[in-house]
Amino acid sequence: MFNESGNVEPVLMLEGIERRTLTYGDKMLLVEVTVRGGSVLPEHAHSYEQIGYLCKGAGRLWIGQECREIRPGSSWCIPGDVSHKAEFSEDSVALDIFHPVREDYLP
């Protein structure tokens with residue numbers, strides 16, 4: 001399956017945070033997340049394994065009790081059922097891959 005992010009209507013997740021499901025297969029799903037500087041992704045956990053990459057922007061990401069500053073080129077892996085949260089100090093764009101496919105993120 002091929003797709004272009006400009007062809008995907010964004011979904012508002014929270015104030016200042018939008019996602020676009022770019023493509024997916026039987027076992028994983030790719031999402032582009034656009035965040036306005038100053039936005040916060042509150043602490044949460046889900047059963048999906050999540051791997052991410054920051055393309056643009058800056059912020060802080062907590063995975064469990066560990067916190068890291070993230071900048072373009074930063075990547076992370078969040079195991080399923082592990083609590084995580086993020087705060088963004090700049091307008092940011094990240095890519096997230098979920099396994100298995102998040103049915104709630106399908107178009």
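What net charge is computed for the residues neighbouring S39, neighbours being all others with C-beta under 13 Å from the C-beta of S39, Lys and Arg scored +1, Asp and Glu -1? Don't skip to the answer; put the middle values down first.
Values: positive: R19, R36, R60, K85; negative: E15, E18, E87, E90, D91.
Its environment carries a net charge of -1.
Give me the percent relative contact order of the chain, please, defined on Cα pairs under 8 angstrom at least 6 residues apart.
Here the relative contact order equals 32 percent.
Computed from the coordinates I sent, Rg and Dmax of the Cα atoms in Å equals one of (1) 13.8, 40; (2) 15.6, 61; (3) 13.0, 37. Tell me the label.
Read-out from the structure maps to (3).
Of the heavy-atom accessible surface of region 1-98 (probe 1.4 angstrom), what whole percent is carbon and sulfur?
That share works out to 51 percent.
Taking trypsin sites (Lys or Arg not before Pro) as exposed when DSSP calls them loop (any state but H, G, I, E, B) and at most 16 other Cβ atoms lie within 10 Å, what is the longest stretch of the chain free of them, the sites themselves excluded?
37-107
Using 19 Å as the cut-off for backbone N distance, which residues of region 91-106 belong to the label zone defined by a point 7 Å from the Cα of V40 along Cα→Cβ?
Once the point is set 7 Å along Cα→Cβ of V40, 91-92 turn out to lie under 19 Å by backbone N, inside region 91-106.
Find how many whole Å separate the alpha carbon centroid of region 4-61 from the alpha carbon centroid of region 68-98.
9
Once you put a point 7 Å from the Cα of R60 and another 7 Å from the Cα of S5, both along the Cβ direction, what distance in nm separates them?
That separation, rounded to one decimal, is 2.6 nm.
In region 15-107, what GluC sites (Glu not before Pro) fall in a loop by DSSP, with at most 12 other Cβ atoms inside 10 Å? Before the final figure, lay out each step's value.
Numbers: sites: E15, E18, E32, E43, E49, E66, E69, E87, E90, E103; in loops: E15, E90.
Answer in residue order: E15.
Could you sort T21, T34 by their accessible area in this structure, using a 1.4 Å probe and putting the largest first?
These residues rank, largest area first, as T34, T21.
The values are calculated or read from the model by the stated rules, or taken from the named source; none is laboratory data. Bear in mind that the values here come from a model prediction, so they are computed numbers and not experimental data. Positions of Cβ are backbone-derived with ideal geometry, glycine not excepted, and every protein chain shown enters the neighbour counts. These accessible areas exclude ligands, DNA and RNA; they are computed on the full protein's heavy atoms, side chains included. Shrake-Rupley method; radii C 1.70, N 1.55, O 1.52, S 1.80 Å.
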